[in-house]
Amino acid sequence: MTDTSSPTTDTAPDSFDHVVVGGGMTADAAARAIHETAPEATVLILSDDVDEPYTRPALSKKLWIDPDYTETDNDLGTRDASGAEIRLRTSVTAVDREARTVTTDDGRTVSWGRLLLATGGTPTRLDLPEDDRVVHFRTAADYRRLRELSGEGRRAVVVGGSYIGTELAAALVQNDTRVTLVTPDDVLGGSVFPAEIATRFEAAFEEAGVTLAKGRRVEGGSASDAGLQVALDDGSSLEADAVAVGLGITPSTELAEAAGLEVEDGIVVDASLRTSDPHVFAAGDVASYPDRILGRRRVEHVDNAKEQGAFVGRVMAGADEHYGHTPYYYSKVFDISYEAVGTLDASLETVVDDKGDGSAVAYYLSDGAVVGVLLWNVEDARDAARAVLAEGTDVSRDGLVGRI
């Protein structure tokens, strides 16, 4: 749902039991869980987005490849499901922990009983022209803009050979767009997947008609009425009608830092997702949390956002729980579906169990322990992957083939 109005100026009291800063999937899950646990509690979601919470993964997958799935379908329906008040186009400029208030960019002060920082992150930006044909991809508004710029044989340069970049390249080329994908890897996916899997991954893009600019990085660009030019580090350049940048995010920790909360590659939380202030919580992309299997980490994927959001909502509403979920992430490009748990880094020792039918399981090892599992066209095996990870150094390397 898109809201085109200005931030609300109604006379509702600016005092809430729970205030959530951020309007993504973590905020949606938290608001729902608070409502289910404590139906009478009041909840306010403060979001700088122009849309109410939506399913983020569909922005680079399902909305492009399923003609029956629309943005209306992608709306999470947070307001109706949770009873939360949602204020869009609203940025929080300060957190006062002592007074238990937040200040917003429209000059309002809101008091809270408990505060959730679900601020996510901002997309990594390149030194490219400030032009509406350059999309640093993150939001539903970015999806809509890229849709306008694609199709009808237009030329798109996608920057980033990892998760978002490859999904966008696949989505665009399947929608009548000529795509060049710029990746620093010599083989697409080579920094993440074992060599034999990366080779298959690359071949799928080439067969679909994606042009690969491998071993290259973007150094700059220019814009004119005729289009965009993207300068690469080998002195060459690419012409485009649109540029989509998918290089991950930087966690939005500024509010937490200014409020004196502990921050280290994200907002540091304990097993209840509490920050160093017991009345302030953090969850989702921005939270550095203690994973029960893999140790302290920060995860930028939807499973983590939903699970942490629901968990922290219950805790904020009074539940006494410890977070015990080890999240996974997934991707789908062309006829390839993969899921992963833990750390995927091709520089680690790997064991690949090729099933011979287009599917495989890859194990990533560090200091004798499995630290990551890739499930390549393998379904319903996430729990089995977590079980292998939980074994630590007790796992037998020679016994990994056939384990899943």
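Structural remarks
- Within segment 380-399, being in contact with an Asp or Glu (Cβ under 9 Å, 6 or more places away or on another chain), of a type outside the set (Lys, Arg) and at pLDDT 95 or above holds for ALA381, ALA385.
- Selected residue [over 28 Å from THR275 (Cβ atoms), among the basic types (Lys, Arg) and in contact with a strand residue (DSSP E or B) (Cβ under 7 Å, 6 or more places away or on another chain)] from ARG100, ARG133, ARG114, ARG147: ARG133
- Filter pass, LEU228 being of a type in the set (A, V, I, L, M) and assigned to a loop (DSSP other than H, G, I, E, B): no
- Criterion (in contact with a Lys or Arg (Cβ under 8 Å, 6 or more places away or on another chain), polar (S, T, N, Q) and closer than 22 Å to ARG297 by Cα) met by exactly one of THR343, THR326, THR350: THR326
- Of all residues in segment 151-163, those satisfying the criterion of being modelled with pLDDT of 95 or more and either surrounded by fewer than 24 Cβ atoms within 10 Å (Cβ to Cβ) or in contact with a Gly (Cβ under 8 Å, 6 or more places away or on another chain) (or both) are GLY151, GLU152, GLY153, ARG154, ARG155, VAL158, VAL159, GLY160.
- Some residue of segment 243-260 being farther than 30 Å from PRO184 by Cα, in contact with a Leu (Cβ under 6 Å, 6 or more places away or on another chain) and part of a loop (DSSP other than H, G, I, E, B): no
- For segment 121-132, the criterion of a residue being in contact (Cβ under 8 Å) with a residue 12 or more places away in the chain, in contact with an Asp or Glu (Cβ under 7 Å, 6 or more places away or on another chain) and open to solvent by 10 Å² or more (accessible area, probe 1.4 Å) is satisfied by at least one position.
- Applying the condition of being among the hydrophobic types (A, V, I, L, M, F, W, C) and in a helix (DSSP H, G or I) to segment 196-213 and asking which residue is surrounded by the fewest Cβ atoms within 10 Å (Cβ to Cβ) yields ALA203.
- Residue ID - most open to solvent (accessible area, probe 1.4 Å), chosen from residues in segment 170-195 that are in contact (Cβ under 8 Å) with a residue 60 or more places away in the chain and assigned to a helix (DSSP H, G or I): ALA195
- Close contacts from segment 38-51, counting a first residue that is touching a residue at least 12 places away in the same chain (Cβ under 8 Å) and a second that is outside any strand (DSSP E or B) and basic (Lys, Arg), with Cβ to Cβ under 9 Å and a gap of 6+ residues or different chains, come to ILE45/ARG79; SER47/ARG89; ASP48/ARG89; ASP49/ARG89; VAL50/ARG89.
- Screening THR122 on (1) closer than 23 Å to VAL312 by Cβ; (2) within 18 Å of the chain's Cα centre (by Cα); (3) not in a strand (DSSP E or B) shows it passes everything except condition (3).
- Pick from segment 290-337, criterion basic (Lys, Arg) and farther than 26 Å from SER82 by Cβ, ranking: least open to solvent (accessible area, probe 1.4 Å): ARG297
- Of the candidates ALA283, ALA256, ALA287, ALA271, the single residue that is in contact with a His (Cβ under 9 Å, 6 or more places away or on another chain), of a type in the set (A, V, I, L, M, F, W, C) and open to solvent by less than 50 Å² (accessible area, probe 1.4 Å) is ALA271.
- Scanning segment 218-239 for residues that are free of Cβ contacts under 8 Å to residues at least 60 places away in the same chain and surrounded by 14 or more Cβ atoms within 10 Å (Cβ to Cβ) turns up GLN229, ALA231, LEU232, SER237.
- Filter result (small (Gly, Ala, Ser) and either open to solvent by 20 Å² or more (accessible area, probe 1.4 Å) or modelled with pLDDT of 95 or more (or both)) within segment 353-379: GLY356, GLY358, SER359, ALA360, ALA362, SER366, GLY368, GLY372
- Segment 380-400, subset under 21 Å from ASP303 (Cβ atoms) and among the basic types (Lys, Arg), residue most open to solvent (accessible area, probe 1.4 Å): ARG382
- All positions within segment 310-351 that are in contact with an Asp or Glu (Cβ under 7 Å, 6 or more places away or on another chain) and not in a loop (DSSP other than H, G, I, E, B): PHE311, ARG314, VAL315, TYR328, TYR329, TYR330, SER331, VAL333
- Complete set of residues in segment 200-217 that are touching a residue at least 24 places away in the same chain (Cβ under 8 Å) and of a type outside the set (D, E, K, R): PHE201, ALA204, PHE205, ALA208, GLY209, VAL210, THR211, LEU212, ALA213, GLY215
The values are calculated or read from the model by the stated rules, or taken from the named source; none is laboratory data. Everything numeric in this text was worked out from a predicted model, so none of it was measured. Quick reminder, even Gly has a Cβ in these numbers, built from the backbone with ideal geometry, and neighbours come from all protein chains shown. Remember, those area values only see protein heavy atoms, side chains included, never the ligands or the DNA or RNA. Shrake-Rupley method; radii C 1.70, N 1.55, O 1.52, S 1.80 Å.
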